[in-house]
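None of the figures in this text is laboratory data; all of them are computed from the coordinates on show. As the structure is a computational prediction, the values presented were derived from the model and not from experiment. Here the Cβ positions follow ideal geometry from the backbone for every residue, glycine too, while neighbour counts run over all protein chains shown.
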Amino acid sequence: MEDIELKNMWKAYEQKIDEAKILNLQSWAVNIKTFEYLQTHKAQSKLKSLSIFKRWAVVLGILWVVFLAVLAYGNHFLNPYFTISVIILMLFSIIAIAIYIKHILLIQQINYSESIIDVQKKLAELQSSTINGLRILWLQLPFYTTFFWSTKWMMSDIKFWLIAFPITLFFTLLAIWLYKNITLKNVNKKWLKILLGNKEWTSIIKAKEYMNEIEEFKRG
Amino acid sequence: MQQGKDDFLKLISENKGIIIKICNSYCNNKTDREDLAQEIIYTLWKGGKTFNSDFKFSTWMYRVALNVAISFYRVNKKLKNNISLTETDIEIEDKIFDATTSEENLNLLQQKIAALKELDKALIILYFEEKSYKEIAEIIGITETNVATKVSRIKERLKQDITNAKK
């Protein structure tokens, strides 16, 4: 088979499309009605939907931070363990909000009129960067087990050292381990799939594969 | 605003073949194709201000349309993989092709193009659309040498696959 035969096959395709006047009201979206529908913003790009989801997450995150701030302020440092735990949880929530804001800015920077490699790389990076947010958030885990600590409890009750403290220690070690191991390198591991949930995991896997594909494509 | 809309629709109409071919190459069923066409047109309209008049409208349109198609394809990959071959007989083909050798060849070519990786698919569509290597390099974002090497490799693969399928 020659090159010209391949090209002729493609040309025949174009000719058939023209002959059949495919782009008619019934079969294709390219018409005034659809265009007006699009203009009403009923149709949103998937990227825009993602941006809207992240904006809502930021709003909810801010409300959560305000709630934690009220809790911390309301306690007036009566129990420093409670206040410090709440403040640390608040800081992690602020980090999460910052990550989401960064994602929103990344989405805004994606310009489909740039070269295909640049745009697709940004999209894949956006997808895979969710894993970085997740690993940071796991670090807050032990602080959910410390807010009810008190000096009195430590000094007078052996149960603190036998139960409460080991639990916190366990969650601290777990959080550090997760922070170290939730990486793109480990994304194929089964435990990470369970932790991320099937949908998120699939998206990250695809993004990772796609980034590899882009790199391979660039190398030639 | 109305004038802008009319001009936009005129440009879209003049270049409609681009959208059709990209939608056909990246989607196997009517619903997906319509969704993709809508998303491409929406992105083109929204991104109108990013159009640089130094470039040809079609070059800009290829960039936007292929970028949308590739992203769309990724989201719908699972769905696409679940479609059997019989369901891939798209409505357009039913309407426009007679049962001739030409139809068989076209179906075969479309099938083989559909089986390519996303970026390879974009590259070969641009090649078939008679874009120069320079223009393809600009649209895709790789060097001209890389374009030449890849086009040659993909063409060989297509030729081999089509020849084998005909045997």
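One compactness figure for the range A:114-201 is 1.57, namely its Cα radius of gyration divided by 2.2 N^0.38 Å. For the range A:83-91, putting each phi into the Karplus relation 6.51 cos²θ - 1.76 cosθ + 1.60 with θ = phi - 60° gives couplings of 4, 5, 4, 5, 5, 5, 4, 5, 5 Hz, in residue order, rounded to whole numbers and with x for Gly and Pro. When each of the peptides B:128-134, B:117-123 is scored by the mean number of other C-beta atoms lying within 10 Å of its residues, the order from highest to lowest reads B:117-123, B:128-134. Taking the charge dipole of the range A:94-220 about its Cα centre, with +1 at Lys and Arg Cβ atoms and -1 at Asp and Glu Cβ atoms, the residue from A:116, A:155, A:212 reaching farthest to the positive side is A:155.
Positive contributions from Lys and Arg (+1) and negative ones from Asp and Glu (-1), summed over other residues with Cβ under 14 Å from the Cβ of residue A:106, come out at +3. Eigen-decomposition of the gyration tensor built on the alpha-carbon atoms of the range B:121-164 gives equivalent ellipsoid semi-axes of 20, 10, 7 angstrom, largest listed first. For the pair residue A:111 and residue A:194 in one chain, pulling the backbone fully straight at 0.36 nm per residue adds 26.5 nm over the alpha carbon distance. Peptide packing for A:190-199, A:84-93 was compared via the average number of neighbouring C-beta atoms within 10 Å per residue; ordered from the highest value, the list is A:84-93, A:190-199.
Placing R0 at 35 angstrom, the Cβ-Cβ distance between residue A:11 and residue B:46 gives a FRET efficiency of 0.60 after rounding to 0.05. Taking θ as phi - 60° and the Karplus parameters 6.51, -1.76 and 1.60, the scalar couplings of the range B:127-132 work out to 5, 5, 7, 6, 6, 6 Hz in sequence order, x denoting glycine and proline. Using the alpha carbons alone, the radius of gyration of chain A stands to its Kirkwood radius in an Rg to Rh ratio of 1.17.
Rounded to the nearest 0.05, what FRET efficiency do residue A:163 and residue A:139 give with R0 = 25 Å and r taken as the Cβ-Cβ distance? Could you check? E(calc), rounded to 0.05, equals 0.65. Just so you know, the averaged projected area of the alpha carbon convex hull for the range A:45-99 sits at 3.5 nm². Here each label is just a point 7 Å from Cα along the line to Cβ, and for residue A:78 and residue B:167 those points are 8.5 nm apart.
Dipole magnitude for chain A: computed about the Cα centre from +1 point charges on Lys and Arg Cβ and -1 point charges on Asp and Glu Cβ, it is near 680 debye. Under the simplified labelling scheme, the residue A:215-residue B:156 pair shows an inter-label distance of 2.5 nm, with each label point 7 Å from Cα along Cα→Cβ. Summarising the label geometry, the points placed 7 Å from Cα in the beta-carbon direction at residue A:184 and residue A:53 lie 2.0 nm from one another.
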